[in-house]
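See structure below.
The values are calculated or read from the model by the stated rules, or taken from the named source; none is laboratory data. Keep in mind it's a predicted model, so treat the numbers as computed, not measured. Cβ placement follows ideal geometry from the backbone for every residue including glycine, while neighbour counts extend to all protein chains displayed.
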Amino acid sequence: MAVASFQPAAVIYREEQNFDWRAYAAVLVVEVLLWSVLLWQVQKAPNLLALLNRRPVELPLGVAACVALPVVLFLGFLRMTTEVTPTVLRVWFGWIPTYRRIIEVSTIVRLEVVNYRPLADYWGWGIRSGRDGERVLNARGNRGVLIELSDGTRLLIGSQRPEALALALERTMLRPGV
């Protein structure tokens with residue numbers, strides 16, 4: 001009896017990028033502010049039981065937000081992975097992917113390595129949209145690969161190694177499915 005197995009496509013290119021230290025610092029600042037407000041509310045109350053009686057929902061929600069926010073941000077967003085296989089380009093954010101974009105290589109009509117200004121052109125890093133409607137997926141730096149799809153959509157993928165990403169995409173475009 002033969003057993004069928006699923007073989008994942010070979011990965012031709014893979015890049016994992018963590019966000020710049022400033023993103024982590026911003027999370028830390030927000031976290032300190034949240035905990036400060038929470039502790040201020042607790043100190044203001046005559047005792048914890050009075051606080052829980054007066055605000056039965058707010059205190060547990062505040063604690064849950066203070067604990068969950070950094071976990072969700074770190075696991076779900078603050079990392080970008082780019083992968084090229086013989087048939088698709090995949091980009092996702094987070095160790096536990098919360099945002100994923102999959103593009104069939106056969107739909108790519110043009111690509112070029114570009115320099116860009118993340119703050120001036122796209123208001124920062126992450127999942128962004130440009131003024132002309134192009135989608136931007138970036139984690140750090142100011143270099144990437146601008147891709148034009150057959151439907152006219154433009155996508156800019158930030159990379160620390162844009163030449164290698166462009167080369168991997170060009171090779172798969174020349175030999176689809178190989």
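Within the range 96-136, track down each residue that is within 10 Å of the chain's Cα centre (by Cα) and polar (S, T, N, Q).
Hit for the range 96-136 is Thr98, nothing else.
Checking Leu155 against (1) surrounded by fewer than 19 Cβ atoms within 10 Å (Cβ to Cβ); (2) free of Cβ contacts under 8 Å to residues at least 60 places away in the same chain; (3) of a type in the set (A, V, I, L, M), only one condition comes out false. Which one?
Only one criterion is unmet by Leu155, namely (1).
Given the condition assigned to a loop (DSSP other than H, G, I, E, B), aromatic (Phe, Trp, Tyr), under 29 Å from Glu170 (Cα atoms) and out of contact with any Gly (no Cβ under 7 Å at 6 or more places or on another chain), answer yes or no: does some residue in the range 93-104 qualify?
From the range 93-104, those assigned to a loop (DSSP other than H, G, I, E, B) are 94-98; that's our starting set.
Subset that is aromatic (Phe, Trp, Tyr): 95.
Checking the rest, the ones that are also under 29 Å from Glu170 (Cα atoms) come to 95.
Going one step further and asking which of them are out of contact with any Gly (no Cβ under 7 Å at 6 or more places or on another chain), we end up with 95.
Within the range 93-104 (the criterion being assigned to a loop (DSSP other than H, G, I, E, B), aromatic (Phe, Trp, Tyr), under 29 Å from Glu170 (Cα atoms) and out of contact with any Gly (no Cβ under 7 Å at 6 or more places or on another chain)), the answer is yes, since at least one residue qualifies.
Condition first: modelled with pLDDT of 85 or more, touching a helix residue (DSSP H, G or I) at 6+ places or on another chain (Cβ under 6 Å) and assigned to a loop (DSSP other than H, G, I, E, B). Now tell me which residues in the range 2-50 satisfy that.
Ile12
Does Gly124 satisfy being among the small types (Gly, Ala, Ser) and not in a loop (DSSP other than H, G, I, E, B)?
No.
Do we have Asn115 as surrounded by 13 or more Cβ atoms within 10 Å (Cβ to Cβ) and at pLDDT 90 or above here? Steps first, please.
Numbers: surrounded by 13 or more Cβ atoms within 10 Å (Cβ to Cβ): no; at pLDDT 90 or above: yes.
When the stated conditions are applied, Asn115 does not pass them.
Before we move on, is Leu61 modelled with pLDDT under 80, buried (at least 17 other Cβ atoms within 10 Å of the Cβ) and not assigned by TED's automatic domain parsing to the domain that holds Arg143? Give the steps one after another, and end with the answer.
Details: modelled with pLDDT under 80: yes; buried (at least 17 other Cβ atoms within 10 Å of the Cβ): no; not assigned by TED's automatic domain parsing to the domain that holds Arg143: yes.
Criteria not met by Leu61.
Mind listing just one residue for me: the one in the range 15-48 that is out of contact with any strand residue (DSSP E or B) (no Cβ under 8 Å at 6 or more places or on another chain), under 30 Å from Arg161 (Cα atoms) and charged (D, E, K, R) and, of those, surrounded by the most Cβ atoms within 10 Å (Cβ to Cβ)?
Step one: of the range 15-48, the residues out of contact with any strand residue (DSSP E or B) (no Cβ under 8 Å at 6 or more places or on another chain) are 20-48.
Restricting the remaining residues to those that are under 30 Å from Arg161 (Cα atoms) gives 20-28.
Among the residues that remain, those that are also charged (D, E, K, R) are: 20, 22.
Numbers: Asp20: 16, Arg22: 11.
It comes out as Asp20.
Here are the criteria: (1) over 17 Å from Ser106 (Cβ atoms); (2) touching a strand residue (DSSP E or B) at 6+ places or on another chain (Cβ under 7 Å); (3) surrounded by fewer than 22 Cβ atoms within 10 Å (Cβ to Cβ). Tell me which single one Ser150 does not satisfy.
(1)
Being hydrophobic (A, V, I, L, M, F, W, C) and part of a helix (DSSP H, G or I) is the filter; apply it to the range 127-178 and report the residue that is farthest from Glu16 (Cα to Cα). Please lay out each step first, then the result.
So the first thing to find is which residues in the range 127-178 are hydrophobic (A, V, I, L, M, F, W, C), and the list is 127, 136-137, 139, 145-147, 149, 155-157, 164-169, 173-174, 178.
So of that shortlist, the ones also part of a helix (DSSP H, G or I) come out as 164-169, 173-174.
On the way: Ala164: 13, Leu165: 12, Ala166: 16, Leu167: 17, Ala168: 15, Leu169: 17, Met173: 22, Leu174: 25 Å.
Among residues in the range 127-178 that are hydrophobic (A, V, I, L, M, F, W, C) and part of a helix (DSSP H, G or I), the one farthest from Glu16 (Cα to Cα) is Leu174.
So, Arg79, is that one within 19 Å of Trp21 (Cα to Cα), of a type outside the set (S, T, N, Q) and in contact with a Pro (Cβ under 6 Å, 6 or more places away or on another chain) or not? Write out each step before concluding.
Values: within 19 Å of Trp21 (Cα to Cα): yes; of a type outside the set (S, T, N, Q): yes; in contact with a Pro (Cβ under 6 Å, 6 or more places away or on another chain): no.
So Arg79 does not fit the description; no.
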